[in-house]
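A quick write-up on the structure given underneath.
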Amino acid sequence: MRPIQIAESVYRDRVHACWLGKNIGGTLGAPWEGDKNMHSLTFYDPVPTEAAANDDLDLQLVWLKMLQERGIYPRLSDFADYWMKHLAPYPWNEYGRCLRNLERGLRPPISGCFENYFIDEMGSPIRSEIWACIAAGDPQLAASLAWKDAVLDHAGGEGVYGEMFWAALQSAAFVISDPLTLIQIGLAMIPIHSLIARAIGEAVWCHQNGVEWQEAREHILQCFAYQRPCYAPDNHAFTIIGWLYGQDFGDCLCTAVNCGYDTDCTGATLGATLGIIGGTAAIPDKWRAPIGEDIILHPFTKDLDAPATVANLTDQTVAIGKELLGERSEVATIEDEGGVPDGLLSLLTRNQQAQAALLRDPQSTVEVVDGYEVALHYSGEPVLRPGIAKTMGISVRREGEPDRLLEVEAQIEAPAGWQVEPAPAALGQQRFRLRADEVAARNPLAVTVDLPCGQQRLEYMIFGPEEAQGWSTVQGVPTCPKCGARVDYCICAQRQTDSP
């Protein structure tokens with residue numbers, strides 16, 4: 001089957017419109033973020049003079065920089081490195097919990113779920129566009145890249161499903177435009193039992209059965225509402241409501257934002273989606289003019305040489321997208337002229353890569369060496385408690401082959417005084433039973449593994465009870481009282497340095 005061909009001029013225009021729509025929707029919703037009431041917006045209120053700074057975009061700018069510097073095969077460790085390098089001041093919810101885990105020595109995906117109450121929230125679904133744009137026309141590739149991103153701070157949670165859903169949907173939107181078909185493509189990448197899949201399905205049902213959008217909103221809240229405004233399932237349904245019930249670009253965005261809750265995120269995601277579908281011609285000048293083309297970084301995004309304008313961002317995104325599709329995609333290419341093969345929908349709904357990603361263990365840490373992924377499976381929390389034996393596993397797979405485990409010999413080197421004994425293999429893992437009468441707060445584990453490229457020694461981390469006393473859901477990570485950033489990464493001093 002010949003691949004999907006996306007005309008470069010169309011591709012560039014839709015990437016441009018994606019980022020424009022992201023800025024427009026985020027700016028529209030920003031003043032109402034966290035307000036759970038229903039609103040009645042018909043335009044920006046207040047009318048801005050520039051785009052609102054928004055982590056929804058900034059985190060994707062960091063991933064763009066990562067792709068430029070580390071290449072188009074990003075590893076979980078790359079995401080962790082760039083988070084700590086550029087996003088450390090962010091204190092909020094899953095962001096703060098993720099960095100707390102990274103600082104303590106945990107690496108993804110376990111960094112995304114241990115002592116993290118917020119894995120079902122919106123912090124990762126808002127980061128889908130970079131993967132959709134660079135994997136345009138290849139939804140399952142976009143979804144598998146989104147999985148790597150999302151597990152950094154949402155492993156095992158609804159946030160992972162949300163980012164995979166939107167990445168796949170938006171990737172397909174470069175090729176087709178029907179909302180219901182696009183929604184089905186996105187849903188094909190995530191579990192049917194997920195709350196996000198069910199909430200989206202309920203929003204679609206309401207629209208197809210003549211329920212007014214205000215009633216549909218109330219129905220979603222009755223079925224899926226949670227006390228926190230950034231809960232992912234209901235916000236995904238609100239985005240779908242805005243899309244299906246809206247009459248044009250502005251009305252779609254306003255309807256989504258008028259549902260309330262995480263309004264900057266619902267508006268930004270829908271704006272980007274509509275931009276991809278319709279290109280720049282579908283975005284009215286009255287929505288573009290107030291915010292212009294400049295990209296405004298959030299103060300918590302640090303030391304990032306980011307594109308200054310949407311046009312610059314488009315150029316850089318297109319360059320990475322052409323490279324990635326040319327090397328990694330079997331179903332889509334960027335050409336001088338466009339064309340689609342027979343069986344287009346069958347191509348777009350392929351989901352093997354996405355399903356393989358979802359089979360990976362969120363309760364593990366993955367390190368990569370010479371093209372091999374070596375995972376340490378904690379079989380639960382990354383904690384050893386004195387006097388209680390814990391079974392852990394090691395698995396190895398070649399990068400790019402997530403559903404094929406290799407048989408290798410491995411050993412675990414534990415701190416002095418610990419007992420390490422072989423345990424029966426299971427789930428493709430070589431397993432060990434660890435026990436210790438005394439366990440320090442933080443304990444490095446060395447895994448020696450015989451790979452086809454030679455013997456390698458890798459470092460991991462496991463905690464003792466002192467380091468695993470939990471973290472209250474109402475207690476945020478410590479922040480600076482002046483700037484609001486994480487106290488250890490306060491930006492006040494940087495502001496003083498930058499002042500004339």
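Taking interchain pairs and intrachain pairs at least six residues apart, which have beta carbon atoms under 8 angstrom, with the first residue in segment 47-63 and assigned by TED's automatic domain parsing to the domain that holds G29 and the second of a type in the set (D, E)? Qualifying pairs under 8 Å: E50/D294; A51/D294; A52/D264; N54/D264; D56/D264; Q60/E129; W63/D149.
Can you find even one residue in segment 391-399 that is of a type in the set (D, E), more than 26 Å from I6 (Cβ to Cβ) and surrounded by 15 or more Cβ atoms within 10 Å (Cβ to Cβ)? Write out each step before concluding.
Initial filter on segment 391-399 (of a type in the set (D, E)): 399.
Imposing the further condition that a residue be more than 26 Å from I6 (Cβ to Cβ) reduces the set to 399.
Narrowing further to those that are surrounded by 15 or more Cβ atoms within 10 Å (Cβ to Cβ): none.
Within segment 391-399 (the criterion being of a type in the set (D, E), more than 26 Å from I6 (Cβ to Cβ) and surrounded by 15 or more Cβ atoms within 10 Å (Cβ to Cβ)), the answer is no, since none of the residues qualifies.
Condition check for Y489 on (1) assigned by TED's automatic domain parsing to the domain that holds Y372; (2) touching a helix residue (DSSP H, G or I) at 6+ places or on another chain (Cβ under 9 Å): one failure, at (1).
With respect to being farther than 21 Å from I240 by Cα and of a type outside the set (S, T, N, Q), Y117 fits the description.
When H207, H193, H236 are screened for being farther than 15 Å from A357 by Cα, surrounded by fewer than 22 Cβ atoms within 10 Å (Cβ to Cβ) and touching a Phe, Trp or Tyr at 6+ places or on another chain (Cβ under 8 Å), only H207 passes. Listed by first and then second residue, the pairs linking a residue in segment 443-455 that is assigned by TED's automatic domain parsing to the domain that holds P382 to a residue that is in a strand (DSSP E or B) and exposed (fewer than 13 other Cβ atoms within 10 Å of the Cβ), with Cβ atoms under 9 Å apart and 6 or more places separating them unless they lie on different chains, are A446/R457; V447/R457; T448/Q455; T448/R457; V449/Q455; V449/R457. Taking segment 345-366 as the range and being over 30 Å from H377 (Cβ atoms) and touching a strand residue (DSSP E or B) at 6+ places or on another chain (Cβ under 7 Å) as the test, only L347 passes.
Only one of the numbered conditions (1) in a helix (DSSP H, G or I); (2) within 19 Å of G400 (Cα to Cα) is not met by Y82, and that is (2).
A quick yes/no check of all residues on (1) in the same structural domain as V151 (by TED's automatic domain parsing); (2) of a type in the set (A, V, I, L, M, F, W, C); (3) part of a loop (DSSP other than H, G, I, E, B):
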position: E367; (1), (2), (3): no, no, no
position: R385; (1), (2), (3): no, no, yes
position: M392; (1), (2), (3): no, yes, no
position: G400; (1), (2), (3): no, no, yes
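Assigned to a helix (DSSP H, G or I) and at pLDDT 95 or above: does that describe V10?
Values: assigned to a helix (DSSP H, G or I): yes; at pLDDT 95 or above: yes.
So V10 passes the test.
Of the residues contained in segment 143-152, one or more are found to be outside the structural domain of E381 (by TED's automatic domain parsing), in contact (Cβ under 8 Å) with a residue 24 or more places away in the chain, farther than 30 Å from E466 by Cβ and basic (K, R). Against the test of being farther than 30 Å from Y117 by Cβ, among the hydrophobic types (A, V, I, L, M, F, W, C), surrounded by 21 or more Cβ atoms within 10 Å (Cβ to Cβ) and touching a strand residue (DSSP E or B) at 6+ places or on another chain (Cβ under 6 Å), the options I4, I24 yield a single qualifying residue, I4. Can you tell me which residue in segment 267-311 is nearest to the chain's Cα centre (by Cα), limited to those that are under 13 Å from G26 (Cα atoms) and among the hydroxyl-bearing types (S, T, Y)? Among those residues, the one meeting the criterion is T269. Being farther than 19 Å from P109 by Cβ and under 27 Å from the mean Cα position of the chain (by Cα) is true of G470.
The values are calculated or read from the model by the stated rules, or taken from the named source; none is laboratory data. From a predicted model like this one, the values you see are computed outputs, not experimental measurements. Positions of Cβ are backbone-derived with ideal geometry, glycine not excepted, and every protein chain shown enters the neighbour counts.
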